Amino acid sequence: VWMVVSMVALFLVTPVFAQDDIAKKLNDILSKGPEEGHWWVSAEELSMWIKTGKTDFIVVDVRPSETAFKKGHIPGAIFMPYYQVLAQENLAKLPKDKKIVLVCNTGQLQSLPVLALRLLGYDATTLTLGYIAWQKGSFGSQQVTSAAERAATKNYPMQKEAIAMPEE
């Protein structure tokens with residue numbers, strides 16, 4: 001009986017340790033963000049890599065719609081929607097020996113897989129502001145302009161003083 005109780009206790013405690021371990025690993029990666037430039041690549045830098053024939057990077061267009069990709073994308077980019085990047089068959093397509101530049105319309109969706117990819121050992125980065133920075137009048141630019149115009153008519157409240165986190 002004691003052995004059964006010990007095994008059940010071990011089974012119940014293991015996920016807590018695993019969760020703590022994952023949180024620590026993610027925190028270790030996140031804490032490097034500021035010193036590593038937040039894993040951003042500028043449009044100017046990416047354009048120069050393409051123009052000079054640099055081969056130590058790959059551009060992954062993670063917009064959710066392949067239709068958008070087919071209408072136009074960064075030269076040499078491959079299509080892999082953000083919600084499928086971590087699928088085993090897609091991870092197998094991504095090189096660990098090259099920089100991976102993730103790109104979407106506004107810079108939001110491309111940021112979702114970056115931390116997980118870094119945790120898995122990939123040199124994952126994002127194009128600063130996505131297609132907004134890459135092409136004038138892009139769909140992302142239109143989305144941001146529209147959101148800014150709506151916000152200007154709403155004037156949502158902002159708080160200036162900090163809120164202290166409750167202590168345990």
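In this simple spin-label approximation, residue 78 and residue 123 carry label points 7 Å from Cα along the Cα→Cβ vector, and these lie 1.7 nm apart. Only Cα sites of segment 50-168 enter the Debye sum here, all with the same form factor; the resulting log10 I(q)/I(0) across q = 0.18, 0.23 1/Å is -0.93, -1.28, listed in q order. On a 0 to 90 degree scale, rounded to 10, what angle separates helix 139-154 from the longest Cα axis of the chain? Relative to the chain, helix 139-154 is tipped by roughly 80 degrees.
Just the protein heavy atoms count here, and of the accessible area of segment 20-72 at 1.4 Å, carbon and sulfur take up 55 percent.
Normalising the average separation of contacting C-alpha pairs (under 8 angstrom, six or more residues apart) by the number of residues puts the relative contact order of the chain at 20 percent.
Accessible area per residue for the chain, computed on protein heavy atoms with a 1.4 Å probe, is 70 Å². Helix 2-30 sits at what angle to the longest principal axis of the chain, using alpha carbons and giving 0 to 90 degrees rounded to 10? Orientation of helix 2-30: about 30 degrees from the principal axis.
Extension gain for the segment residue 51 to residue 20, taken as residue separation times 0.36 nm less the Cα-Cα distance, is 6.7 nm to one decimal.
In a simple Cβ point-charge model (Lys, Arg +1; Asp, Glu -1; nothing else charged), segment 72-142 has a dipole of about 100 debye relative to its Cα centre.
The values are calculated or read from the model by the stated rules, or taken from the named source; none is laboratory data. Every value quoted in this text rests on a predicted model; they were computed, and no experiment measured them. Every residue, glycine as well, gets a Cβ built from its backbone with ideal geometry; the counts of neighbours run over all protein chains shown. For the accessible areas, the whole protein counts, side chains as well, though only heavy atoms, and no ligand, DNA or RNA atoms are used. Shrake-Rupley method; radii C 1.70, N 1.55, O 1.52, S 1.80 Å.
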